[in-house]
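Trainee: This is the structure I have questions about; it appears just below.
The values are calculated or read from the model by the stated rules, or taken from the named source; none is laboratory data. Given the structure is predicted, the values throughout are model-derived calculations rather than measurements. Positions of Cβ are generated from backbone atoms using ideal geometry, with glycine treated the same way; all protein chains shown enter the neighbour counts. The protein model used for the area step is the full one, side chains on, heavy atoms only, and it has no ligands, DNA or RNA in it. Shrake-Rupley method; radii C 1.70, N 1.55, O 1.52, S 1.80 Å.
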Amino acid sequence: GNSWFSRLKRGLTRTRVNLYGLFSGGKIDEEFLENLQDGLITADAGLPASERIIGELKDAIKLKGLQTQDEVRGELISIIASLLEPCEKPLRLDQASPLVIMMAGVNGAGKTTSIGKIAKWLSGQGKSVLLAAGDTFRAAAREQLEVWGERNNVHVVAQQGADPAAVIFDAIVSARAKHIDVVLADTAGRLPTQTRLMDELVRIKRSQGKALAGAPHEVILVLDGTNGQNALAQVRQFDEAVGLTGLIVTKLDGTAKGGVLLAIAEMRRGRPLPIYFIGVGESIDDLQPFKAEEFARALVG
Ligand code: GDP
């Protein structure tokens with residue numbers, strides 16, 4: 001709805017200034033197009049995506065005989081939207097019961113917060129939810145998840161200091177017994193370079209299949225949007241280790257680097273990775289299903 005879009009637009013303010021301000025109503029010349037490309041790069045869209053977008057824009061200006069910066073802006077929005085389109089894929093809630101979603105990412109990326117927000121969103125979709133506190137190492141992580149559980153009135157399976165694989169296994173078994181629709185499994189933050197922790201993540205993933213064949217059905221990497229290009233390496237390395245099915249990009253409200261979504265889309269061209277949600281603020285409703293066209297409009301419009 002309208003408020004959704006204004007929230008998105010407001011959230012993207014800091015990224016948006018890199019592009020929006022360039023449309024001052026002047027000439028469509030080489031300098032203007034160079035500034036646009038620089039704007040994309042400053043927004044952390046990366047060189048390959050920026051070059052492709054501006055290349056396509058130049059072709060369109062010629063082919064369609066675009067005359068005004070307003071027309072160019074419309075074209076830019078549609079080029080960015082088509083680049084992002086393959087990443088727009090709703091999370092399929094009906095693919096399994098319970099649907100098991102494992103969340104991974106580095107420390108502070110926004111995993112626990114996003115789980116809390118998704119739990120709320122799922123309740124709104126009429127789904128019952130169970131949270132699994134797979135970060136058994138940090139007591140604060142479990143407590144934070146329990147706060148989100150209380151807020152959403154959903155049960156949290158937790159056992160401080162236990163094997164995270166066992167906690168998530170138990171959560172899945174319990175969800176099966178209680179006919180819960182969705183299990184959201186938190187995991188401890190880890191860097192892709194921490195081999196032992198990455199091996200642990202592989203083990204956590206594998207043991208879920210023993211609680212329920214096919215689980216986890218979704219393996220979602222949560223990315224801190226303020227990290228910019230660093231996100232690309234994380235996507236590559238986490239995908240190699242555990243096979244990602246989707247992404248969540250958080251904190252787009254606190255950054256000028258929101259163009260990183262374009263860099264990700266470009267990197268995964270032909271093998272798109274869904275961006276299920278984006279985080280554009282700290283309120284519970286500031287986690288939004290990703291929509292390519294609206295994102296492009298909020299960025300440039
Ligand atoms: P985790 O270590 O990956 O579980 O990260 P947390 O969920 O604890 O989040 C780390 C910090 O980022 C917290 O202070 C959150 O409030 C904050 N955060 C998460 N998502 C967003 C977002 O979309 N926007 C903003 N501004 N802050 C966020």
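Trainee: Do you know which residues across region 37-92 are open to solvent by 30 Å² or more (accessible area, probe 1.4 Å), under 18 Å from F290 (Cβ atoms), in contact (Cβ under 8 Å) with a residue 24 or more places away in the chain and assigned to a loop (DSSP other than H, G, I, E, B)?
Mentor: The answer is E88, K89, P90.
Trainee: Taking the stated definitions as given, is K127 within 16 Å of the ligand (Cβ to nearest atom), open to solvent by 40 Å² or more (accessible area, probe 1.4 Å), among the basic types (K, R) and closer than 18 Å to A185 by Cα?
Mentor: No, not satisfied.
Trainee: Being surrounded by fewer than 18 Cβ atoms within 10 Å (Cβ to Cβ), within 16 Å of the ligand (Cβ to nearest atom) and outside any strand (DSSP E or B): is that true of G108 here?
Mentor: Yes, satisfied.
Trainee: Scan region 231-254 and give yes if some residue there is away from the ligand (no atom under 15 Å from the Cβ), modelled with pLDDT under 95 and either in a helix (DSSP H, G or I) or of a type outside the set (F, W, Y) (or both), otherwise no.
Mentor: No.
Trainee: Within the group D253, D285, which residue is of a type in the set (D, E, K, R) and surrounded by 21 or more Cβ atoms within 10 Å (Cβ to Cβ)?
Mentor: D253
Trainee: Identify, from the list L299, L273, the residue that is more than 13 Å from the chain's Cα centre (by Cα), more than 14 Å from the ligand (Cβ to nearest atom), closer than 30 Å to L36 by Cα and open to solvent by less than 10 Å² (accessible area, probe 1.4 Å).
Mentor: L299
Trainee: Oh, and also: Read through the list (1) under 30 Å from L262 (Cβ atoms); (2) open to solvent by less than 10 Å² (accessible area, probe 1.4 Å); (3) not in a strand (DSSP E or B), then give the number of the only condition that I168 fails.
Mentor: (1)
Trainee: Among the listed residues G281, G228, identify the single one that is more than 13 Å from the ligand (Cβ to nearest atom) and either of a type outside the set (A, V, I, L, M, F, W, C) or under 11 Å from the mean Cα position of the chain (by Cα) (or both).
Mentor: Sole residue among the options that is more than 13 Å from the ligand (Cβ to nearest atom) and either of a type outside the set (A, V, I, L, M, F, W, C) or under 11 Å from the mean Cα position of the chain (by Cα) (or both): G228.
Trainee: Show the residue pairs that are 6+ apart or on different chains and have beta-carbon atoms under 7 Å apart, the first residue being within region 243-260 and touching a residue at least 60 places away in the same chain (Cβ under 8 Å), the second being polar (S, T, N, Q) and part of a loop (DSSP other than H, G, I, E, B).
Mentor: Between residues of region 243-260 that are touching a residue at least 60 places away in the same chain (Cβ under 8 Å) and residues that are polar (S, T, N, Q) and part of a loop (DSSP other than H, G, I, E, B), the close pairs are V260/Q229.
Trainee: Something else: Regarding F137, is this residue open to solvent by 30 Å² or more (accessible area, probe 1.4 Å) and either within 25 Å of A96 (Cα to Cα) or in contact with a Lys or Arg (Cβ under 7 Å, 6 or more places away or on another chain) (or both)?
Mentor: No, not satisfied.
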